[in-house]
1. If R₀ is 22 angstrom, what is the calculated FRET efficiency for the pair Asp146 and Asp42, using the beta carbon separation as r and rounding to 0.05?
2. Determine, for each peptide in 73-79, 4-10, the mean count of other beta carbons within 10 angstrom over its residues, then list the peptides with the highest first.
3. For Tyr70, enumerate residues with amide H under 5 Å from its amide H, sequence gap 5+ or separate chain, H modeled in the peptide plane.
4. Given the Cα-Cα distance of Glu64 and Thr5 and 0.36 nm per residue of separation, how much length would full extension add, in nm?
5. Once fully extended, how much extra length lies between Lys111 and Asp50, figured as 0.36 nm per residue of separation less the alpha-carbon to alpha-carbon distance?
6. Work through the residues other than Thr5 whose Cβ is under 14 Å from its Cβ and net out their charges, Lys, Arg +1 and Asp, Glu -1.
Amino acid sequence: MSWQTAVETTVTGLGYELVDCERSASGGTLRVTIDRLNAGADAGELIDVDDCEKVTRQLQYVLEVEGLEYSRLEVSSPGLDRPLKKAAHYARFAGQEIDITLKAPFQGRKKYRGVVSAQPDAADDQAWRLVFDDGEADQALDFTLDEVREARLVPSFSFKGRGGEPAPDRKPGQRGVIKPKKAALKKQAGAPSDAAPGQDKVDGGLKQ
């Protein structure tokens with residue numbers, strides 16, 4: 001069993017959502033981010049110290065049984081700026097404001113902030129749209145998940161959707177469209193430092 005499978009199976013088996021899991025370049029530190037399942041999280045239930053300790057103890061046992069080596073285990077809550085890693089995360093937080101960093105620059109920039117939604121008539125769940133205000137007009141940037149280096153929620157007091165207005169439609173082949181304010185549509189190409197080795201860490205939602 002790989003360490004990714006061991007972590008995911010353990011976390012979901014305990015009734016939590018695995019938000020993120022990463023291993024340091026040296027392979028010594030294993031960082032695991034957990035959250036409540038959708039219904040609990042949307043109802044305002046936050047991850048606390050007890051949750052992190054529960055997952056830490058079980059992971060320590062499973063990793064030892066499977067013979068998966070690590071020097072440090074960190075289990076924490078996702079915080080208000082939780083990362084979006086997969087399509088299910090984007091779907092859950094559709095209508096909310098996020099920050100994304102693209103792998104390659106588009107129109108001279110990689111970083112965008114705006115409201116995320118699914119692309120209309122998208123063939124799969126990998127196609128998403130970001131509507132943002134550049135100070136002069138509302139723009140829509142269409143992207144796929146493999147184009148994103150990092151995506152995070154913009155911190156707010158609620159994870160519940162805000163019911164934003166649908167993003168403007170775009171014609172096939174356009175990367176994005178511009179919707180000028182009060183004007184007709186026109187086209188436009190529009191990590192924590194390690195502590196002492198051997199010490200596991202739990203973060204009981206301090207970032208919440």
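Readers should treat all values here as calculations from the given coordinates under stated rules, not as data from a laboratory. A quick note: this is a predicted structure, and the numbers were derived from the prediction, not measured. Positions of Cβ are generated from backbone atoms using ideal geometry, with glycine treated the same way; all protein chains shown enter the neighbour counts.
1. Numbers: r = 28 Å, r/R0 = 1.25.
Computed FRET efficiency for Asp146 and Asp42 comes out at 0.20.
2. On the way: 73-79: 22.7, 4-10: 16.0.
Most protected by this proxy first, the peptides run 73-79, 4-10.
3. none
4. Values: separation 59, 0.36 × 59 = 21.24 nm, distance 1.41 nm.
Gain on extension, Glu64 to Thr5, equals 19.8 nm.
5. Numbers: separation 61, 0.36 × 61 = 21.96 nm, distance 3.58 nm.
18.4 nm is the gain from fully extending Lys111 to Asp50.
6. On the way: positive: Arg23; negative: Glu8, Glu66.
Taking every other residue near Thr5 into account, the sum is -1.
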